[in-house]
Structures are given as C-alpha cells and as structure tokens.
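Q: Sharing a structure below in structure tokens format, with a few things to ask.
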Amino acid sequence: MEPNPPLLEVRNLSKRFPIRGGILGSLVGHVQAVDNVSFSINKGETLGLVGESGCGKSTLGRTILRLMEPSAGQVLFESTDITQLDAQAMRAMRRKMQIIFQDPYASLNPRMTVSAILEEPLKIHQLYATAAARQQRLYELLGYVQLSKEALHKYPHEFSGGQRQRICIARALAVCPQFIVCDESVSALDVSIQAQVINLLMDLQKELGITYLFIAHDLKVVEFIAHRVAVMYLGKIVEMAPAQSIYQHPCHPYTKALLSAIPVPDPNHTRERIILQGDVPSPITPPAGCHFHPRCWKATAECKTMYPAPTQHGKNHTCCCYHPLHEKVME
C-alpha cells in the first residue's frame with residue numbers, strides 16, 4: 001500500500017528580485033531571495049522554518065502562496081502545480097491556503113469592523129448564501145479564537161495586540177483552509193501572549209486538522225510547536241529534521257550556532273556560545289560553494305568550490321554540509 005502523498009510539495013523553488021539602475025533603469029543584477037528550495041509537508045503537520053532575518057523565510061512563504069510569483073520551480077498542493085493555474089483557478093485554490101501575517105496592527109483595515117473583516121472572505125468566495133448563515137459562521141469563528149460576540153461591532157484599534165492576532169487567525173480560518181502559513185505570527189507579541197496564541201494554533205490544528213508552515217526566528221517557540229524543522233541560510237535550506245533530532249543532534253554548523261544562542265533559564269547550567277564571525281553575505285553576490293563557509297569554523301577549500309548536496313544523517317534528517325557535526329547514518 002503506497003503512503004499518502006504530502007499535502008504540499010515544493011520542488012526547486014526560486015525567487016529572484018531584479019535590481020535596476022542608471023537613468024534608463026536597466027537591469028544590473030538580481031537578489032536571490034529563495035534559491036532552489038525543495039521540501040514537503042504532510043497533512044496535519046507543522047513544519048517550522050527558522051533562520052536569521054533576511055535569509056528568505058517570509059519570501060518563501062509568500063511565494064508558496066503565489067502572493068509573489070516564483071522565478072522558477074513548482075509548488076504542488078494536493079498534487080496540483082499551482083504555479084500553472086490561471087487567476088480564476090487560483091482564486092478557488094486560495095480557499096484551501098491562507099496566511100497569518102506578522103504585524104496584527106498593519107494587517108487589519110482600521111476602517112472596518114471585525115464583523116466586516118471576517119465576513120469579507122465569505123462574500124469573496126460566495127460561502128454561506130444568507131446573512132443569517134454568515135452571522136452564525138462569524139460567531140463560530142470568534143468561538144475558535146476565544147473572543148466574545150461583542151467583538152464583532154468593534155474596530156481593530158479597540159483591541160490589544162494579542163486580540164488583534166486572534167482576529168487575524170479567525171479571518172484565516174473563515175474559508176476552512178487546509179494549509180496556513182504563519183509568517184512570524186507571534187514575534188510582535190509579548191511573551192505571555194505568544195504562549196496563548198501558540199496554544200491556540202495547536203488546539204486548532206488538533207480540532208480542524210490544519211497544516212502549518214510556521215516561520216519564526218525564535219527557536220524555542222519553533223521547538224514547542226513544530227513536528228519538523230527546516231533551517232534556512234541565505235535563500236537555501238541547509239538542514240531539515242524532526243524537531244527533537246535537530247535540537248538534540250544538530251548536524252550543520254549554522255544550526256549549532258543558532259541553537260547556542262537560545263537563552264538557558266537555569267543559571268547553574270551553561271551552554272557553549274558560538275559567535276559567528278562577520279555578517280551574512282549579500283544575496284546579490286552570494287559566496288561560491290557553500291554560502292556559509294566565510295563564517296564557518298569548519299570550512300575547508302572544498303567548501304569554497306561547490307555547494308554540498310543533501311546527505312542523510314538519521315531518519316528524515318538531511319544536512320547540506322561537507323563537514324557535518326555528526327557522521328552520516330546508513331538507513
């Protein structure tokens with residue numbers, strides 16, 4: 001019996017932004033924001049995507065949803081390549097794919113009430129034919145995110161940051177999506193509110209079977225919510241593994257450096273801190289070979305010539321490194 005295909009499969013996805021200069025605005029180069037990325041996400045799973053600011057995480061999430069058009073590659077949702085769909089077919093597909101943005105202050109229209117914000121996607125996709133049915137759906141959405149019915153008649157400025165993000169979550173849930181991109185969706189919130197929103201997302205996943213791509217730079221948050229973790233550096237995924245494996249046995253030096261920066265709550269316990277030298281290279285002119293080699297303490301001449309291919313280091317644990325911190329495991 002063949003296993004079920006993944007809900008989402010990304011194949012060799014790239015996104016380049018043109019750089020124009022001069023009086024005539026001629027093309028002078030490209031910013032390679034996402035560089036030949038491939039991965040898959042199974043139904044009901046949360047894939048955490050981590051990395052430094054500017055490494056291409058948000059661009060990847062938006063390109064998957066075609067909020068930005070990809071420069072190359074494929075995005076297969078339920079085995080359908082959505083990069084080939086026309087506008088009408090893509091609109092129907094958007095019912096199944098939604099996004100929760102980072103800033104709840106900027107992603108809600110201040111001139112619309114919560115009722116109008118939540119009702120808009122229902123009208124766009126022509127769901128719930130009568131006003132009474134739509135109103136009942138709005139009550140149901142508020143129940144999912146633990147807000148009272150009175151919230152429908154208020155405007156976004158009347159809510160706290162955590163409440164606004166709950167409204168954004170309710171808006172994403174309105175059309176019953178199967179897949180949601182959480183683009184730094186808790187990073188703008190206080191720590192205590194972060195915990196509430198993360199618990200809410202996990203409860204909704206259990207109840208509704210939603211699949212998440214959870215983008216974040218806080219590795220402790222990702223460890224709590226994600227089933228698998230992908231580490232991104234300068235537009236490429238350098239390591240991917242189940243969460244427990246990547247936190248306990250990181251293979252890529254960059255992953256090790258990221259994990260060493262996580263604060264330790266126990267003052268009697270210390271962790272070796274790895275300080276990376278230099279800054280992240282420019283995505284306009286990335287280094288030859290492994291992009292991480294200018295900052296890596298294990299780099300050799302081999303690292304400067306060709307980008308390393310992914311190798312297996314355990315069950316579902318892949319790493320792109322010539323000198324991994326753990327030996328390759330034969331499956």
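Q: I need the full set of residues from the range 293-325 which are within 15 Å of Tyr233 (Cβ to Cβ) and part of a strand (DSSP E or B), in order please.
A: Within the range 293-325, Thr318, Cys319 qualify.
Q: Out of Thr311, Thr255, which single residue is within 27 Å of Thr63 (Cβ to Cβ), in contact with a strand residue (DSSP E or B) (Cβ under 7 Å, 6 or more places away or on another chain), among the hydroxyl-bearing types (Ser, Thr, Tyr) and surrounded by fewer than 19 Cβ atoms within 10 Å (Cβ to Cβ)?
A: Sole residue among the options that is within 27 Å of Thr63 (Cβ to Cβ), in contact with a strand residue (DSSP E or B) (Cβ under 7 Å, 6 or more places away or on another chain), among the hydroxyl-bearing types (Ser, Thr, Tyr) and surrounded by fewer than 19 Cβ atoms within 10 Å (Cβ to Cβ): Thr311.
Q: Pairs, please: C-beta under 6 Å, at least 6 apart or cross-chain, first residue surrounded by fewer than 20 Cβ atoms within 10 Å (Cβ to Cβ) and in the range 164-180, second in a helix (DSSP H, G or I)?
A: Short answer, once both residue conditions are applied: Val175/Pro121.
Q: Let me ask something additional. Among helices (runs of 4 or more DSSP H) lying entirely in the range 186-268, which contain 2 or more residues that are hydroxyl-bearing (Ser, Thr, Tyr)?
A: Here the list reads 243-248, 253-260.
Q: Okay, next question. Is it true that Val10 is surrounded by 14 or more Cβ atoms within 10 Å (Cβ to Cβ) and either of a type in the set (Gly, Ala, Ser) or touching a strand residue (DSSP E or B) at 6+ places or on another chain (Cβ under 7 Å) (or both)?
A: The answer is yes for Val10.
Q: Let me ask something else. In the range 63-84, what count of residues is obtained for those that are more than 15 Å from Asn12 (Cβ to Cβ) and surrounded by fewer than 16 Cβ atoms within 10 Å (Cβ to Cβ)?
A: Count: 5.
Coordinate-derived values only; no laboratory data. Values in this document were obtained by computation on a predicted structure and should not be read as measured data. All Cβ positions, even for glycine, are placed from backbone atoms using ideal geometry, and neighbour counts span all protein chains on display.
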